[in-house]
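Asker: Pasting a structure below so you can have a look.
The values are calculated or read from the model by the stated rules, or taken from the named source; none is laboratory data. Fair warning: this is a prediction, and the values are worked out from it, not measured in the lab. So basically every Cβ, Gly included, is an ideal-geometry build from the backbone, and we count neighbours across all protein chains shown. To get the accessible areas, we keep the full protein, side chains included, count just its heavy atoms, and leave off ligands, DNA and RNA. Shrake-Rupley method; radii C 1.70, N 1.55, O 1.52, S 1.80 Å.
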Amino acid sequence: MNTIIIKDTIQINLPRQKLFELFFTLDLRDVMKGYAFLPSVVGVRDQTGKWNIPGSARITMLSDGSTTFEEVTACEEPRLFSYRIRNFTNLFRHFVKEARGEWIFTEGNSASATSVKWAYTFSAKNLLAMVFLLPILKVFLKGYMRRTLNIIKEFAEK
């Protein structure tokens, strides 16, 4: 199977329930700022329902003019949120069938902290696509994820 998994974890000083609730109020434009050549999120359109309800979908608009289609696949308060991304219109359209994102919220090192794990699983279109994607995702997507997690931490701990 041609899959690549990229993940990162951060400790945020906010109780799990409060952080989970805050997570769904964040504006993607404020937290997904891009990294290197990976674009920022500049907006969403055509959202079909609340973003914590499985089956809800939307188009995410990116700073390079491209879009993706996102769909919520699971939401189990206060521990899990997952989604699927497909229909990339940027360079990734040539290499990626789909990507699946998953956020897992667990008790942190104290009652007032939460450990957040964010993982992406990319399904490459073929072995050659996987060879192309692997270094890009390991370096640049990992940096993108770290930056986003740090921004969310900053918002949550204010």
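Asker: Go through the stretch 45-57 and give me each residue that's farther than 23 Å from E77 by Cα and outside any loop (DSSP other than H, G, I, E, B). Don't jump to the end; show me each part of the working.
Answerer: Just the residues of the stretch 45-57 that are farther than 23 Å from E77 by Cα, to begin with: 45-46.
Passing the criteria: only R45.
Asker: If we keep just the residues of the stretch 93-110 that are open to solvent by 90 Å² or more (accessible area, probe 1.4 Å) and closer than 20 Å to E76 by Cα, which is farthest from the chain's Cα centre (by Cα)?
Answerer: Residues of the stretch 93-110 open to solvent by 90 Å² or more (accessible area, probe 1.4 Å): 93-94, 97, 100, 107, 109.
With closer than 20 Å to E76 by Cα added as a condition, the list becomes 100, 107.
Working: R100: 8, E107: 20 Å.
Among them, the one singled out is E107.
Asker: Please enumerate the residues belonging to the stretch 1-56 that are within 27 Å of V139 (Cα to Cα), at pLDDT 95 or above, aliphatic (A, V, I, L, M) and exposed (fewer than 14 other Cβ atoms within 10 Å of the Cβ).
Answerer: Passing the criteria: only I5.
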